[in-house]
């Protein structure tokens with residue numbers, strides 16, 4: 001949003017899942033005076049994130065727009081093969097409230113590696129990260145949260161040395177498609193995925 005104030009900074013403390021790497025966080029303020037804080041989720045917060053995701057998924061009118069992974073896979077993405085970011089509303093005098101989440105996958109992509117659409121070799125495929133899942137509570141939408149979550153994840157992935165950031169979106173999901181495009185992602189393919197669902201495949205080279 002026009003009046004968003006973004007402060008990107010790094011901490012020297014140990015990160016939650018990936019020891020020895022710097023932590024990437026973001027704070028921003030919207031034109032309606034709400035303040036949000038984005039940071040990496042901690043291990044004990046995974047159950048809360050899963051509950052948050054299920055609550056949002058149940059309200060999606062067209063389930064073809066979002067392919068919900070199994071609980072086991074989601075835990076793996078957030079623990080051993082990726083990381084999760086959370087966006088919390090942090091207005092002064094109020095308790096923090098979870099507003100949105102983002103999950104990136106950075107290893108164990110296997111046959112699902114979207115780099116195959118770019119005809120990358122094995123060494124290059126290891127530098128592909130998936131911008132896997134973005135979810136924002138409906139009462140916090142329209143404030144650019146998904147975009148800011150993705151931007152914060154990009155900073156983290158850049159530190160980790162990933163060169164190709166890739167993701168998918170349903171062609172009719174204009175909100176997600178536009179977020180990818182605003183962040184400089186290009187459509188590199190259109191394919192049927194997740195059991196025959198239409199998807200644009202996006203890529204951004206870092």
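The values are calculated or read from the model by the stated rules, or taken from the named source; none is laboratory data. Since this is a predicted model, take the numbers as computed values, not measurements. A quick note on method: Cβ atoms are made from the backbone with ideal geometry, for glycine too, and the neighbour counts reach across all protein chains shown.
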Looking at the stretch 184-206 only, could you name the residues that are under 18 Å from residue 158 (Cβ atoms) and in contact with a helix residue (DSSP H, G or I) (Cβ under 6 Å, 6 or more places away or on another chain)?
202, 206
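For the condition part of a loop (DSSP other than H, G, I, E, B), touching a helix residue (DSSP H, G or I) at 6+ places or on another chain (Cβ under 9 Å) and under 23 Å from residue 179 (Cα atoms), what is the one hit in 68, 131? Please lay out each step first, then the result.
On the way: 131 fails: part of a loop (DSSP other than H, G, I, E, B).
Exactly one residue qualifies, and that residue is 68.
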Among the residues of the stretch 72-95 satisfying the criterion of being at pLDDT 90 or above, in contact with a helix residue (DSSP H, G or I) (Cβ under 8 Å, 6 or more places away or on another chain) and part of a helix (DSSP H, G or I), which is nearest to residue 196 (Cα to Cα)?
74
Lone unmet requirement of (1) in contact with a helix residue (DSSP H, G or I) (Cβ under 9 Å, 6 or more places away or on another chain); (2) outside any strand (DSSP E or B); (3) at pLDDT 95 or above; (4) under 17 Å from residue 101 (Cβ atoms) for residue 146:
(3)
Is it the case, given these coordinates, that residue 175 is more than 30 Å from residue 34 (Cα to Cα) and either surrounded by 16 or more Cβ atoms within 10 Å (Cβ to Cβ) or modelled with pLDDT under 95 (or both)?
no
Qualifying residues in the stretch 167-184 (those that are in a strand (DSSP E or B) and over 11 Å from the mean Cα position of the chain (by Cα)) - the one farthest from residue 130 (Cα to Cα)
169
Enumeration of residues in the stretch 166-196 that are out of contact with any strand residue (DSSP E or B) (no Cβ under 9 Å at 6 or more places or on another chain) and without any contact (Cβ under 8 Å) to a residue 24 or more places away in the chain
174, 178, 196
